[in-house]
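S.K.: So that we are looking at the same thing, I have put the structure below in structure tokens.
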Amino acid sequence: MRPPHRLRPRGPRRLTALLLFAAAALFPTATPAAAAAPAPVPGELRPYDVDAVYSSGISSGGYMATQLHVAYSGTFDGSAVFASGPYNCAQNMLATALNACMNTVQDLQLAQLEQTTRNWSAQGFVDPVANLSGDPVYVFSGSGDSTVKRPVADALADYYGRFGARVQYNRSTAAGHAWISPLGPNSCTVTQSPFINNCGFDAERDLLGHLLGSVAAPSTTPGGTLIRFDQNAYAPGGSAAALSLDDNGFVYVPKSCSDGATCSLMVALHGCKQGYGYQGFGTQFVDKAYLNEYADTNDMIVLYPQAEATTTLENPNGCWNWWGYQGDSAYARHGGRQIETIMGMVEALRGSGTPPPVTDRVTLASVDAQDGYVKAAADGTGAAVGPLEDSYGLALGRGTDGRINRTVLSFDTSKIPAGKEITRAYLTVARSSGSGDPWASPAGNRLLADVTTGCFGGCVVEASDWSAPATVAGGAQVASFSSASATSTDLSAQALAALDRSGTTQMRLRFEAAPASTAYLFVNKDTPVTLTVEYR
């Protein structure tokens, strides 16, 4: 567990800050005039004397800020979020992101999100949740925000409270969907580009005061250096664009930090349509977030990572990955490709690490001649090979005949390059058709993937495969999906170790509980199930 938080600034600077903070509360200042923003200069990330790290963000950047804080709570000491919801809200599903985590058509299942966080903590997928106790968290939601509605932000404040964080929640304005800043060119209630609104108060003073303990008044003109650096150096695989990230990132470094002062680090994350390369948006978020001015007088480095739009429909608005796009099922936890990219930047600035090693991947289609499905009674009796693969695909769940279907898949895992360390692997499953919802029968049912080194029996599917023991039972799971395709969670460490590097690995997809009534789906009719393996 990390050491207790330190209030910043310290010593004489802290006393000055307390006096200025009190004065600001008694005599609010007028809205500052927009000062000339520093022009970015090319450079690299280098180590500084960093003693505390925080995250902040708006909208998709708010979700990413929370993901960073929860996944790496041993590194991050607190977070500030505008217009966003609780951790892992989307649960790797775009429909849930839209209907539960922005709108309120669907229940976002806060208790389940809490339990998943605790489970992941116990499994080592995120840092210990005990780290969150006492962490300062600032949450902002405007009543005029129809993009991420108020109950969603309420759930974020509630989520953090369940882990003992110290939450300050501003829900007192009619703000639209935006980052709130005295330099915002938009009026408070609108929702329009550049999504930076002026609501007549200094939100940065409030959030930084809560995170740091107190703050000195901001500078009138940023006097530090804005460095433009290459994000490709920190992207797993060496390609930022492949992760929906811009080639360019930015970091603002005050002179005091360059000269060796002990400084905090703020990771500030823009929202959708606010990235550097999005339709000429440029550095507007960097310039108008009103963080650089406070950075100068409070010994704070500000890191501005940059997402970018994809040329496909996966992420056309340049959002941060908070619903699992591009098949990244680990997007919210350790191993998430964007999270690890940002962590590489953080470690480079802290001087406590190096950029992550370049990672490559291979995607293996299941071997059609060895794939099939097996049906049996719920107790496994009367097992037989399913006959409808050619017509409908591979069956899962309870069919109209009352039998429980399980699918067996074969992968030639000898194609994973020899001598490489496997870092993660996951399945991608395409749905062909179905009836009912086997994930809801019974409620909370799970579609699991058993993994066996070699084959369950013979490598061609046979009736005994229905109940044959696996090397690793439940090595991954696939969340509910009603159309298109879905990616599984990452294979567990034990399942990764079970991959046969010299031959075949078989996997069996099965529902954890037998559906009580007819509820099934067919997969793999036109699109093979794939196993993506990343290695270094």
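The values are calculated or read from the model by the stated rules, or taken from the named source; none is laboratory data. All figures in this text were calculated on a predicted structure; none of them were measured in a lab. Please note: Cβ atoms are built from the backbone with ideal geometry, for glycine as well, and neighbour counts cover all protein chains shown. Side chains are part of the model used for accessible areas, which takes the heavy atoms of the whole protein and leaves out ligands, DNA and RNA. Shrake-Rupley method; radii C 1.70, N 1.55, O 1.52, S 1.80 Å.
S.K.: For a quick check of understanding: with a 1.4 angstrom probe and all protein chains in place, what accessible area in square angstrom does SER502 have, to the nearest ten?
M.R.: Using a 1.4 Å probe on the heavy atoms, I get roughly 100 Å².
S.K.: Separate question: Please state the charge dipole magnitude for the stretch 403-525, taken about the Cα centre, from unit charges on C-beta atoms (+1 on K and R, -1 on D and E), reported in debye and rounded to the nearest 20.
M.R.: On the way: 11 positive and 9 negative charges, 36 e Å.
My answer is approximately 180 debye.
S.K.: Counting alpha carbon pairs within less than 8 Å and at least 6 residues apart, what relative contact order, in whole percent, applies to the chain? Mind dumping the intermediate values first?
M.R.: Working: 1367 pairs, mean separation 79.1, N = 536.
So the answer I get is 15 percent.
S.K.: Considering the values (1) 32; (2) 24; (3) 59, which represents percent of Cα pairs over 42 Å apart as calculated for the structure under consideration?
M.R.: (2)
S.K.: Here is a further query. Label the stretch 252-352 by shape, choosing from rounded, prolate and oblate, from the square roots a ≥ b ≥ c of the eigenvalues of the Cα gyration tensor; if a/c is under 1.5 it is rounded, and otherwise prolate applies when a/b is larger than b/c, oblate when it is not.
M.R.: Working: a/c = 3.17, a/b = 1.53, b/c = 2.07.
Because a/c hits 1.5 or more and a/b fails to exceed b/c, the stretch 252-352 counts as oblate.
S.K.: Treating the angle as unsigned and between 0 and 90°, give the value, to the nearest 10°, between the Cα long axis of helix 337-350 and the longest Cα principal axis of the chain.
M.R.: The answer is roughly 40 degrees.
S.K.: Using only the alpha-carbon atoms, how far is helix 110-123 inclined from the longest principal axis of the chain? Give it as 0 to 90 degrees, nearest 10.
M.R.: 80 degrees
S.K.: Moving on to the next point. Taking the solvent-accessible surface of protein heavy atoms with a 1.4 Å probe, what is the per residue accessible area of the chain in Å²?
M.R.: Values: 19840 Å² over 536 residues.
Accessible area per residue, the chain: 37 Å².
S.K.: Let me ask you something else. With unit charges on the beta carbon (Lys/Arg positive, Asp/Glu negative), name the residue among LEU396, ALA71, TYR234 whose Cα is farthest towards the positive pole of the charge dipole of the chain.
M.R.: ALA71
S.K.: Report ³J(HN,Hα) in whole Hz for each residue of the stretch 263-273, in order, from the Karplus equation J = 6.51 cos²θ - 1.76 cosθ + 1.60 where θ = phi - 60°; Gly and Pro get x.
M.R.: Couplings: 10, 8, 10, 10, 8, 10, 10, 5, x, 4, 6 Hz.
S.K.: Could you tell me the relative contact order of the stretch 68-209? Use alpha-carbon pairs under 8 Å, at least six residues apart, and round to a whole percent.
M.R.: Contact order relative to length: 23 percent.
S.K.: Could you check how much of the accessible area of the chain is carbon and sulfur, as a whole percent, using a 1.4 Å probe?
M.R.: Details: 10380 of 19840 Å².
The value for the chain is 52 percent carbon and sulfur by accessible area.
S.K.: Relative to the longest principal axis of the C-alpha atoms of the chain, give the angle of the C-alpha long axis of helix 150-162, reported between 0 and 90° and rounded to the nearest 10°.
M.R.: 90 degrees
S.K.: Let me ask another. Would you calculate, for the chain, the mean residue ellipticity at 222 nm contributed by helices, counting each DSSP H stretch of 4 or more residues as -39,500 (n - 2.57) and dividing by all residues, to the nearest 500?
M.R.: Numbers: 12 runs with 110 residues, N = 536.
That comes out to -6000 deg cm²/dmol.
S.K.: Further, regarding this structure: Would you please name the chymotrypsin sites (Phe, Trp or Tyr not before Pro) within the stretch 414-480 that are DSSP coil residues with at most 10 other C-beta atoms within 10 Å of their C-beta? Present the calculation step by step, with values, prior to reporting the outcome.
M.R.: Details: sites: TYR426, TRP439, PHE456, TRP466; in loops: TRP439, PHE456.
Within the stretch 414-480, no chymotrypsin sites (Phe, Trp or Tyr not before Pro) qualify (loop, at most 10 other Cβ atoms within 10 Å).
S.K.: Please give me, ordered by residue number, the GluC sites (Glu not before Pro) of the stretch 386-485 that lie in loop per DSSP and have at most 15 other Cβ atoms within 10 Å.
M.R.: On the way: sites: GLU389, GLU421, GLU462; in loops: GLU421, GLU462.
Taking the stretch 386-485 and a limit of 15 other Cβ atoms within 10 Å, the loop GluC sites (Glu not before Pro) found are GLU421.
S.K.: What aspartates and glutamates could a cross-link reach from LYS149, if we take a straight Cα to Cα line under 18 Å and drop same-chain neighbours fewer than 8 places away?
M.R.: ASP107, ASP158
S.K.: Of the listed peptides 290-301, 43-54, 114-125, what is their order by residue-averaged count of other C-beta atoms within 10 Å, with the highest listed first?
M.R.: Details: 290-301: 24.8, 43-54: 17.9, 114-125: 15.9.
Result, highest mean first: 290-301, 43-54, 114-125.
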